[in-house]
1. Estimate the FRET efficiency between Ala108 and Glu211 by the formula 1/(1 + (r/R0)^6), using the beta-carbon distance for r and 25 Å for R0, to the nearest 0.05.
2. So what's the convex hull volume per residue for the Cα atoms of the chain, in Å³?
3. May I ask for the angle, rounded to the nearest 10°, between helix 210-222 and the longest principal axis of the chain, with both axes built from Cα atoms and the value confined to 0 to 90°?
4. For Glu222, Glu405, give me the order by solvent-accessible area with a 1.4 Å probe, most accessible first, ignoring ligands, DNA and RNA.
5. Among 35-41, 244-250, 211-217, what's the highest-first ranking by average C-beta atoms within 10 angstrom per residue?
6. Ignoring ligands, DNA and RNA, how do Lys3, Lys243 rank by accessible area with a 1.4 Å probe, largest first?
7. Compute, for Phe72, the solvent-accessible surface of its heavy atoms (probe 1.4 Å) with the complete set of protein chains present, and express it in square angstrom to the nearest 10.
8. Note down the nm distance, to one decimal, between modelled labels 7 Å out along Cα→Cβ at Asp39 and at Ala86.
Amino acid sequence: MTKLTLLTGQTLSFDAQPGLSAPQGAARFDSAGGVLIRDGLVAATGPASELRKAHPEASEIAYGEGLILPGFVDAHAHYPQTAMIASWGKRLIDWLNSYTFPEEMRFADPAYAADIAGRYLDLLLAHGTTTVCSFCTVHPQSVDAYFEAAKARGMRVLGGKTCMDRNAPDGLLDDPKRAYDDSRALLNRWHGVDRLSYVITPRFSPTSTPEQLSALGALWAENPDCLMQTHLSEQTDEIDWVKELFPQARDYLDTYEAHGLLGTNGLYGHAIHLEPRERARLAEVGAALVHCPTSNTFIGSGLFDMAGLAAEGQRIGLATDTGGGSDFSMLRTMCAAYEVAQLRGQALHPSYLLWLATAGSAEALRQGNRIGRLAPGMEADICVLDLASTPAIAQRSRRANDIWEAVFPTIMMGDDRAIRDVWVGGTRVEPSAAQSSGQLFG
């Protein structure tokens, strides 16, 4: 007999994209709702009383005033930078040379890669994140370690080998042929296995020759269902460097477009300092831009134009950008997104922030038909928030007049203590135990 599990509490999900400053009817909130889980999927949602009556055989887990959400989705990260997160005081290029590249060299060791991959995914789960799209390193074993760790935890994750053939240490360089061959072999090994998706991954134009970019563009053309992830217009000095390296390019985006690396399934991290032509082309092809607010403030990159880009109809996801981003938490990332928007004169509504961290990022990753919402047929990746996780948050949330006033203090002040429970593919995990033990299953 199939086991049914009923989660009851306050439930919140999105049927559509809310407005930047108001929900506009896009949210579904029930103060006494329920989510019925069967065989790893959401079987039904609705009032808890109706679900109990219709399914008396279901095993109920009551969360009271806990807020049941889809699991958070992190659309851009670098799992190999886990151990060096919050490294002091550098701009992007210096930061890569001083911290990132030396750490990534260590992933030539499969045991080290496996240790960091497991640690990283457990930290994500402890913070309520159930899906991530990550850059790995140039080493194929870093990709194997990442996907093996995710498979063991039942997680839906995306990622790929980071390809570089210039402007990095010798131990992190490949060449156009090896980038193509390694990426193709890894794609064939992992793409579509369980809940795993391979992503073609040139780091960014300054670390790839035109020949390597073309090789990866050819691989993408051969596998158009795959995503492609890279970086775009993160810092002004980076853009100047790109202009020096690609003097014939119309702009930064053209360094990708000219080599077959612009498309609907493209993910472009940061996208802060975009020119009008770049914005128009990205919108035209329906590519996804990924906002990384804690990284952009931590490394001093700039202020993402959320209101302007959203008004253009751009597809936008939200991400921690670990370890340039200074926190593993999507709550802290939502907080930073709010603060960045405020500096641009736009107050993002809590509904928009939560949409970005769930359905919005899922749609950016082309996974919106599987994750990011609480609806029948969706995979049962679920995060339960405690809206009174600290005395400071509790005293503020008690004064709330609606769900948005109740959840906003947790967005602004919450951390892993606010994560009451996490479900991955219909299986319950305990983030606190995972974080302390480094292991979730087995």
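1. 0.55
2. 132
3. That helix lies at roughly 40 degrees to the long axis.
4. Per-residue accessible area, sorted high to low, gives Glu222, Glu405.
5. 211-217, 35-41, 244-250
6. Largest accessible area first, the list is Lys3, Lys243.
7. 0
8. 4.4
The values are calculated or read from the model by the stated rules, or taken from the named source; none is laboratory data. A quick note: this is a predicted structure, and the numbers were derived from the prediction, not measured. As a convention, Cβ positions derive from the backbone with ideal geometry for all residues, glycine included, and neighbour counts pool all protein chains shown. Areas reflect the complete protein model, heavy atoms only, side chains present, ligands, DNA and RNA absent. Shrake-Rupley method; radii C 1.70, N 1.55, O 1.52, S 1.80 Å.
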